[in-house]
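Visitor: Just passing along the structure, written as structure tokens.
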Amino acid sequence: MSQSNQYVAQSQPALEILLAAPRGFCAGVDRAIQIVELALKTYGAPVYVRHEIVHNQFVVDSLRDKGAVFVEELDEIPETDAPVIFSAHGVPKSVPESAKARNFFYLDATCPLVSKVHVEAERHFANGYEIILIGHTGHPEVIGTMGQLPTGAVRLIETAGQAHSFKPNNPNALAYITQTTLSVDDTDEIVAILRERFPSIVGPHKEDICYATTNRQAAVKAIAAKCEALIVVGAQNSSNSKRLVEVAEKAGCPKALLLQRAAEIPWDAFEGIETLGITAGASAPEVLVDEIIAAFGARFDISVSSIATAEENVAFKLPRELIGAARA
């Protein structure tokens with residue numbers, strides 16, 4: 001066998017990787033992580049964080065290594081002068097009330113776009129509306145939003161079927177809000193059903209599903225039909241990441257997987273493919289995307305193209321009290 005033929009026999013299969021853009025960190029996630037990092041730098045360790053600051057184990061572990069202590073509830077925190085930080089998903093009103101009762105110094109890392117939904121809920125309640133929240137049972141953002149108002153003031157709808165069967169107390173005094181990380185298409189379907197059944201229902205002034213969720217889903221739609229398989233880099237408890245898997249499949253990708261790290265790649269699932277799509281949920285850092293690309297580069301002769309459908313330049317300000325302390 002000649003040298004050239006020997007090279008061909010041993011060469012790696014070609015693989016085209018299409019990178020969806022935008023992907024990865026959104027402004028709310030970036031702000032929340034910055035709050036924890038700046039608090040650690042300003043006040044020193046420990047800094048307590050209620051719930052995962054964002055839904056990504058790599059990020060949580062990195063912050064834990066720097067001195068962050070993660071708890072699920074405030075009663076796990078001893079008496080302390082250390083900062084207590086609320087996660088980006090938002091919390092029920094009972095949480096800051098409990099923090100005040102224990103004289104904790106707390107910082108709220110709730111995404112401003114989630115806070116916007118909280119304000120909407122309070123406004124609708126003050127105007128006498130029965131409120132429908134479109135979202136997923138048990139998600140921290142949903143728990144936080146429902147916890148802005150008295151028990152029973154917010155009714156949760158998850159599916160189109162529930163929208164069809166929903167029975168309001170007064171069909172002429174209804175308003176709806178949504179979780180910020182839902183499937184745009186699924187939410188549109190539910191909203192259409194509600195509007196058809198209750199024409200006077202009041203919605204948000206501006207869409208509740210955040211810009212980052214919308215942009216990442218649009219970017220996936222742009223590449224899904226061109227890919228034989230698609231990887232969403234993100235955590236299993238990340239709502240926006242799970243929605244990206246669903247969007248990819250509905251948009252024509254035959255196989256979409258949610259993976260946190262390169263170590264989780266099921267290589268058998270990618271045998272024989274020639275085109276792979278990659279995106280990342282809003283709480284997944286770009287380093288994990290790079291890690292997965294490198295893993296494929298070790299097994300395939302890869303070419304990487306970025307397919308951009310939008311540009312993002314959103315940034316949110318950090319809490320004033322933290323900025324002031326950091327400067328001091």
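The values are calculated or read from the model by the stated rules, or taken from the named source; none is laboratory data. If you're wondering where the values come from, they're calculated on a predicted model, not measured in any experiment. Note: ideal-geometry Cβ built from the backbone for every residue, glycine included; neighbour counts use all protein chains shown.
Visitor: Would you mind finding the one in I273, I307, I323 that is assigned to a loop (DSSP other than H, G, I, E, B), more than 20 Å from the chain's Cα centre (by Cα) and of a type in the set (A, V, I, L, M, F, W, C)?
Guide: I273
Visitor: Shifting gears a bit: Of everything in the range 162-178 that's in a strand (DSSP E or B) and hydroxyl-bearing (S, T, Y), which residue is surrounded by the most Cβ atoms within 10 Å (Cβ to Cβ)?
Guide: It comes out as Y176.
Visitor: Would you mind stating whether V289 is of a type in the set (V, I, T), farther than 21 Å from P140 by Cα and in a loop (DSSP other than H, G, I, E, B)?
Guide: Considered against the rule, which asks whether it is of a type in the set (V, I, T), farther than 21 Å from P140 by Cα and in a loop (DSSP other than H, G, I, E, B), V289 comes out as no.
Visitor: Okay, moving on. Restricting the range 111-150 to residues that are in a helix (DSSP H, G or I) and charged (D, E, K, R), which is farthest from G90 (Cα to Cα)?
Guide: R123
Visitor: For the range 179-187, does any single residue satisfy the condition of being outside any helix (DSSP H, G or I) and on the phi > 0 side of the Ramachandran plot?
Guide: Checking the range 179-187: not a single residue is outside any helix (DSSP H, G or I) and on the phi > 0 side of the Ramachandran plot.
Visitor: Need the failing condition index for A263 against (1) free of Cβ contacts under 8 Å to residues at least 40 places away in the same chain; (2) in a strand (DSSP E or B), just the number.
Guide: (2)
Visitor: Sort out which residues of the range 223-252 are part of a helix (DSSP H, G or I) and buried (at least 18 other Cβ atoms within 10 Å of the Cβ), and write them in order of number.
Guide: Residues satisfying the conditions are I223, A224, S239, N240, S241, K242, R243, L244, V245, V247, A248.
Visitor: Within the range 37-49, does at least one residue satisfy the condition of being among the β-branched types (V, I, T), part of a loop (DSSP other than H, G, I, E, B), within 21 Å of the chain's Cα centre (by Cα) and surrounded by 21 or more Cβ atoms within 10 Å (Cβ to Cβ)?
Guide: no
Residue-wise test of (1) farther than 20 Å from L38 by Cα; (2) buried (at least 19 other Cβ atoms within 10 Å of the Cβ); (3) touching a Phe, Trp or Tyr at 6+ places or on another chain (Cβ under 8 Å).
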| residue | (1), (2), (3) |
| --- | --- |
| V60 | no, yes, yes |
| V71 | no, no, yes |
| S87 | no, yes, no |
| P96 | yes, no, yes |
| A101 | yes, no, no |
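Visitor: Can I ask one more? Outside the structural domain of D186 (by TED's automatic domain parsing), closer than 20 Å to V59 by Cα and within 22 Å of the chain's Cα centre (by Cα): does that describe I265?
Guide: yes
Visitor: In the range 73-85, which residue that is within 16 Å of L38 (Cβ to Cβ) and in a loop (DSSP other than H, G, I, E, B) is nearest to the chain's Cα centre (by Cα)?
Guide: Looking at residues that are within 16 Å of L38 (Cβ to Cβ) and in a loop (DSSP other than H, G, I, E, B), I get P83.
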